[in-house]
Every structure is written in structure tokens, then in C-alpha cells.
Amino acid sequence: MNKIDLKCIVSEGAEVPVYKTDGAAGADICAFLKSDVVILPGKFAMIPTGLYFEIPQGYEIQVRPRSGLAAKNGITVLNTPGTIDSDYRGELRVILINLGETDFVIKNKDRIAQIIIASVTQADFVISNELSKTERGEGGFGSTGV
């Protein structure tokens, strides 16, 4: 398993990200709230974490849903996976949406999402008048079967 050092400012009272098992790819992150937040069905909210990162150039943090919240309550990350770029220095906040049928209450220190540290490759976009041919061609959105 690859590891990097990742500088992190943790606001007083916030939770440090935690890998719950040795094989976990994602580290759980928690809400950092002064009071509970209620997300109504079909609505979303931006939830603070109290975490600030200095991500090395060539890496990103991906913010992803926690499967238990999704499966049990219909709570997911709205812009999944959310990307935190290496030049961002603000607070990591998570946009959660309630796709369930009942109100969902988020309390301080609830585990709300997970973060993945991933390497990034940037492209040089080369302008061209044509692309190579493939069997699939322009077929998309179900063109290879359901």
C-alpha cells in the first residue's frame, strides 16, 4: 500500500480522518457542527468538517459517500466523487443530499463521508480534426447493452 504525508489542520473539536480497517481505501470524515442539521427528503446541505489540507501537487482528495448511509438512509454525496484540488486551502465541506423518504438528522461528529487520496494525471489537449475508429464508435449510454 502506498502512503504519503498529508498536512492537515484540525479545528479544535473536529475529528481527524480515520481508516477503520487496515485494508480501507477511504478514511472516514465527520461533521463539525455547532448544532444538528436536518436534511429534508429531496434537499441537500453543505456540512463542515473542520478539516483543512495541504495536498501535494500531483494528488487530489476525492470525497465519496459512506455506503451504510446510502443503503440505510438514502444519504449520499451530491457531487460524488467530489474533488479537492492540491491548490485549495479552505475547509473541506461535504454536500450531502437526502434521497430517502424521511428527514435525516446530522449531529456533530457523525461520520458523513469518506476521503480517498488519489494521484492525478493532467493532459495536454491536442487539437485534431479526426479521432481513431473503434468498434463502438459514437455509441454511448447503453450502446454496449443494459
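A few comments on the model shown:
- Centre separation in Å (Cα based) which lies between the stretch 3-64 and the stretch 78-94: 9
- The charge dipole of the chain, taken about the Cα centre with unit charges on the Cβ atoms of Lys, Arg (+1) and Asp, Glu (-1), comes to about 420 debye, rounded to the nearest 20.
- Scoring 82-88, 128-134, 18-24, 92-98 by mean Cβ neighbours within 10 Å over their residues and listing the highest first yields 92-98, 82-88, 18-24, 128-134.
- In the stretch 22-63, inverting the average of 1/r over every pair of distinct C-alpha atoms gives 13.4 Å as the Kirkwood radius.
- For the pair Val16 and Ala70, the difference between a 0.36 nm per residue extended length and the Cα-Cα distance amounts to 17.2 nm.
- Using the Cβ of Gly42 as centre and a radius below 14 Å, the other residues enclosed give a net charge of -1, where K and R count +1 and D and E count -1.
- Carbon/sulfur fraction of accessible area - the chain, other protein chains in place, 1.4 Å, %: 50
- Dipole axis of the stretch 38-146 (+1 Lys, Arg; -1 Asp, Glu on Cβ), positive-most option in Ser128, Thr144, Pro48: Pro48
- Too-long pairs where the Cα-Cα distance tops 29 Å, listed order kept, from Lys20/Lys107; Lys7/Lys109; Lys43/Lys109; Lys7/Lys43; Lys3/Lys34: Lys7/Lys43; Lys3/Lys34
- Percent RCO, i.e. relative contact order, over the chain, from Cα pairs under 8 Å lying at least 6 residues apart: 29
The values are calculated or read from the model by the stated rules, or taken from the named source; none is laboratory data. Owing to the predicted nature of the structure, the values given are computational and were not obtained by experimental measurement. Glycine gets a Cβ as well: all are built from the backbone with ideal geometry, and neighbour counts include every protein chain shown. For the accessible areas, the whole protein counts, side chains as well, though only heavy atoms, and no ligand, DNA or RNA atoms are used. Shrake-Rupley method; radii C 1.70, N 1.55, O 1.52, S 1.80 Å.
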